[in-house]
Each structure stands twice: as C-alpha cells, then as structure tokens.
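The values are calculated or read from the model by the stated rules, or taken from the named source; none is laboratory data. The structure presented is a predicted model; accordingly, all values stated were derived computationally and were not measured. Quick reminder, even Gly has a Cβ in these numbers, built from the backbone with ideal geometry, and neighbours come from all protein chains shown.
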Amino acid sequence: MVANLSAQEDVALPRPNQQQLDEARKRSGRLRTDVKLVLIPVTVTDPLQRPVLDLSKRNFRVFEDGIEQKISEFFLEESPVSVGMVFDASNSMRNKIAESRQALTEFLRMSTPGDEFSLWKFSDRPEAVSPFTTNATQIEDDLWSIQSGGWTSLFDALYLALSQMKRASHGSKALFVLSDGGDNNSRYTEREIRNIVREADVRIFSISILDHSPVLERISDESGGRAYRVHKLDELPDMASSLSREIHSHYILGYLPATARNDGKYHKVAVKLLPPAGSPPLHMAWRRGYYSPLR
C-alpha cells in the first residue's frame with residue numbers, strides 16, 4: 001500500500017477500501033501489551049506547559065470500560081524517541097513558512113541523544129522528504145528545501161506517516177504535526193484516520209497556527225498526544241520547544257485487566273489524576289483505549 005519511502009519520493013495514494021484499512025490496522029503497532037499486562041503512556045503538564053515529573057502511583061487512577069483497575073506497574077519514561085515530523089506546505093502556509101521552519105528547527109535542537117526523525121511535507125498530496133535518521137542537521141537542511149503551494153491533504157499525510165512509523169527504531173513513537181487548518185484534498189477521511197490511530201502505538205502532537213483546528217484536537221487526543229495552538233507566529237519556536245519536552249517525558253501506568261479478554265475488541269481507558277495538595281491546575285493526556293489481542 002505504501003511505496004518505498006526514500007527522500008524526495010512522491011507517493012501516489014489509491015482511494016482506500018475496507019480491505020486496505022484492515023490490512024493497515026493489522027500492521028500498525030498496537031498499544032504495548034503482552035498476554036495480560038496493559039501499559040498506558042500518560043503525560044502531565046503544568047500551566048506553563050512544562051512536564052510534571054514528581055508524581056507517584058497514588059496520584060493516578062485507571063479505568064477500563066468503566067471498571068477501575070489496580071495499577072501494578074508505574075515508572076517515568078525518559079528515553080530516546082522516534083518522531084515523524086509532518087509539515088504543512090500548502091498555499092495557506094505561504095506567509096508562515098519561515099516561522100514554521102524555525103519552529104521545527106527549535107524542536108530538533110531540543111532533541112536528546114539517540115532520537116531519530118523523519119520528515120514529511122504535504123500540500124496537494126503528501127511527500128516523504130527525509131527517511132528516519134539520527135542526524136538532526138540533515139533534517140534541518142531538508143526543511144529549507146520545502147516551498148509552499150497547493151491544497152491541503154492532511155489526512156493522507158497522517159495515513160502515510162503513521163505507516164512509516166512501523167520502521168521506527170524506538171518503542172516510544174510520536175508524530176509532530178505543524179499545520180494551519182483542516183483538510184481539503186485527501187482521499188482518506190477523519191473517521192478512517194481516527195480508526196487507524198486507535199490501533200497505532202503512536203502519540204500525535206500538533207500545533208495549529210493562528211486558527212483553531214478541532215480536527216487536530218480530536219486526532220491528537222485519541223492518540224494520547226496533545227494539540228497546541230499559537231495565536232502569533234513568533235510564539236512558534238517556544239511552543240515547539242515545550243512540545244519537545246512533553247514528548248520526551250511521560251509516565252507509564254501498567255495494569256492487569258480485572259476481566260481478561262482476548263476478544264480483539266476495542267477497550268476504552270480513562271485515567272484520572274489526583275494532584276498533590278496545593279498544585280496548580282494540571283493537564284493530562286493519555287491513550288484513550290486499545291484493542292485486546294485475539295486468542
């Protein structure tokens with residue numbers, strides 16, 4: 001379904017059918033589970049969008065399908081990350097392209113040793129710019145080759161970028177989407193993308209430029225990531241820096257489901273935060289569910 005993704009390759013997308021979607025879901029990385037243990041990544045940030053890293057197991061409660069679960073595993077994960085960067089190069093970005101490049105550059109400069117990155121751009125259709133590499137300088141150089149023009153194929157870009165994430169080296173995977181709006185030229189639909197996101201063990205973080213993007217909010221929330229919005233272009237670099245810190249630091253909550261099921265069905269997960277006394281309002285993001293394995 002997806003051609004070999006070499007740098008500068010232009011990928012043509014067929015109209016998806018149900019068989020293609022089912023095959024993509026089977027190949028997608030599922031939420032990390034073994035036969036019984038379920039591991040949920042959870043990110044907590046303060047009002048200044050800084051990760052909160054001093055919480056303990058007693059600050060969290062986990063529910064699966066409305067039933068509270070006993071947390072048996074709890075740890076803070078700060079490890080190298082595989083990040084797919086998805087860059088809006090449509091015509092509406094024409095007056096925002098310089099600041100958007102700078103935001104991605106700032107994000108790259110906040111990377112930690114071992115991180116790897118890939119780069120996609122999208123306008124009329126998505127295009128792979130750089131395959132996975134640990135060379136952040138190479139990604140920075142490739143950014144400056146991107147020019148704006150054309151329509152917006154956001155959903156197609158997300159589909160192909162999520163497919164590419166199966167090639168990632170690290171267990172911790174994320175997409176960073178930088179765009180200024182919705183979609184007006186994709187073959188895939190939001191519903192199809194959200195269904196694939198449910199099965200992909202990839203958190204999606206997005207920055208909407210100037211305009212509010214309910215679509216990116218819904219997709220980011222579903223994945224356990226987060227959607228940001230900047231009101232001024234000069235806010236982009238600082239926002240990208242904050243997003244990098246958030247991607248690199250998250251808690252893992254593990255539990256053995258009270259009712260073990262190997263039914264291949266989707267199970268909803270809810271996480272509640274019990275903040276320490278006197279703490280400011282905290283924001284929490286977590287993956288909203290998982291598909292249990294089949295027998």
Is there a residue in segment 221-241 that is surrounded by fewer than 18 Cβ atoms within 10 Å (Cβ to Cβ) and in a strand (DSSP E or B)? yes
If you check every pair at least six apart or on different chains, which have Cβ atoms under 6 Å apart with a residue in segment 267-285 that is on the phi < 0 side of the Ramachandran plot and surrounded by fewer than 12 Cβ atoms within 10 Å (Cβ to Cβ) first and a residue that is modelled with pLDDT under 95 and in a strand (DSSP E or B) second? K268/G289
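Please verify whether T134 is among the hydroxyl-bearing types (S, T, Y), modelled with pLDDT of 95 or more and touching a Gly at 6+ places or on another chain (Cβ under 9 Å), treating the condition exactly as stated. If you could, list the steps in order and put the result at the bottom.
Values: among the hydroxyl-bearing types (S, T, Y): yes; modelled with pLDDT of 95 or more: yes; touching a Gly at 6+ places or on another chain (Cβ under 9 Å): yes.
Spelling it out, T134 is indeed among the hydroxyl-bearing types (S, T, Y), modelled with pLDDT of 95 or more and touching a Gly at 6+ places or on another chain (Cβ under 9 Å).
Listed here are the residues, each with its yes/no results for (1) modelled with pLDDT of 95 or more; (2) in contact with a helix residue (DSSP H, G or I) (Cβ under 7 Å, 6 or more places away or on another chain); (3) over 30 Å from K232 (Cβ atoms).
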position	(1), (2), (3)
R167	no, no, yes
G171	no, no, yes
V177	yes, yes, no
N185	no, no, no
Being over 15 Å from F205 (Cβ atoms) and polar (S, T, N, Q) is the filter; apply it to segment 237-295 and report the residue that is modelled with the highest pLDDT. S279
All but one of (1) of a type in the set (D, E); (2) at pLDDT below 95; (3) assigned by TED's automatic domain parsing to the domain that holds L274 hold for E99; which doesn't? (3)
Look through L178, L162, L158 and report the one residue that is assigned by TED's automatic domain parsing to the domain that holds S111 and in a strand (DSSP E or B). L178
Report, by residue number, each residue of segment 204-216 that is over 11 Å from the mean Cα position of the chain (by Cα), more than 16 Å from I97 (Cα to Cα) and surrounded by 16 or more Cβ atoms within 10 Å (Cβ to Cβ). S213, V215
Here the residues within segment 37-92 that are within 30 Å of W144 (Cα to Cα) and crowded, with 18+ Cβ neighbours inside 10 Å are V81, S82, V83, G84, M85, V86, F87, D88, A89, S90, S92
Any residue at all in segment 132-149 that's touching a Lys or Arg at 6+ places or on another chain (Cβ under 7 Å), acidic (D, E) and part of a helix (DSSP H, G or I)? no
Would you call G150 more than 23 Å from H250 (Cα to Cα), surrounded by fewer than 19 Cβ atoms within 10 Å (Cβ to Cβ) and among the small types (G, A, S)? yes
Taking only segment 260-291 into account, find how many residues are under 21 Å from the mean Cα position of the chain (by Cα) and of a type outside the set (K, R). 13
If E116 satisfies all but one of (1) surrounded by fewer than 19 Cβ atoms within 10 Å (Cβ to Cβ); (2) in contact with a His (Cβ under 9 Å, 6 or more places away or on another chain), what's the number of the condition it fails? (1)
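Which residue out of F107, F132 is buried (at least 23 other Cβ atoms within 10 Å of the Cβ) and either of a type in the set (F, W, Y) or not assigned by TED's automatic domain parsing to the domain that holds E192 (or both)?
Working: F132 fails: buried (at least 23 other Cβ atoms within 10 Å of the Cβ).
Of F107, F132, the one residue that is buried (at least 23 other Cβ atoms within 10 Å of the Cβ) and either of a type in the set (F, W, Y) or not assigned by TED's automatic domain parsing to the domain that holds E192 (or both) is F107.
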